[in-house]
Amino acid sequence: GYKLFQNYPNPFNPVTFINYQLPKSSNVKISIYDVLGKQVNILVNEVQNAGNHNIEWNAVNSPSGVYFCRLDAGLFVSVKKMLLMK
């Protein structure tokens, strides 16, 4: 099935990796939100093939704090908490 894995490393400074799994070809959107719920980045917004995927988020221009990674794929939604420590 669909799966969003916890980012690694976590906490991170300033780069982290996000892995996710798709059971079938899907329109995928991966967004990063700050603790106030403001969208700060869109890492992926495209149709992707089934399988395992890995992306990198370089938060060099973002302040330390808690962030959330949200995966939207078809009707599936999952959110993971991340901690940026500079």
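The values are calculated or read from the model by the stated rules, or taken from the named source; none is laboratory data. Since this is a predicted model, take the numbers as computed values, not measurements. Note that we place each Cβ from the backbone using ideal geometry, even for glycine, and neighbour counts take in every protein chain shown. These accessible areas exclude ligands, DNA and RNA; they are computed on the full protein's heavy atoms, side chains included. Shrake-Rupley method; radii C 1.70, N 1.55, O 1.52, S 1.80 Å.
Projecting label points 7 angstrom from Cα along Cα→Cβ for R70 and N54 puts them 2.7 nm apart.
Heavy-atom accessible area with a 1.4 Å probe sorts S64, S31, largest first, into S64, S31. Our note on the geometry: Cα centres of the range 5-22 and the range 47-86, 7 Å apart. Taking only protein heavy atoms and a 1.4 Å probe, the accessible area of the chain is 52% carbon and sulfur. Number of Lys-Lys pairs in the chain with C-alpha atoms under 22 Å apart and a separation of 8 or more places or on different chains: 11. Computed over protein heavy atoms with a 1.4 Å probe, the accessible surface of the chain works out to 57 Å² per residue.
Pulled fully out, how much extra length does the chain show between S78 and Q21, if you take 0.36 nm times their separation in residues and subtract their Cα-Cα distance?
Details: separation 57, 0.36 × 57 = 20.52 nm, distance 1.15 nm.
My answer for the length gained is 19.4 nm.
Convex hull of alpha carbon positions in the chain: directionally averaged projected area 4.9 nm².
Enumerate by residue number the trypsin sites (Lys or Arg not before Pro) in the range 13-48 meeting two conditions: DSSP loop (anything except H, G, I, E, B), and at most 16 other Cβ atoms within 10 Å of the site's Cβ.
Loop-located and lightly packed - K24, K38.
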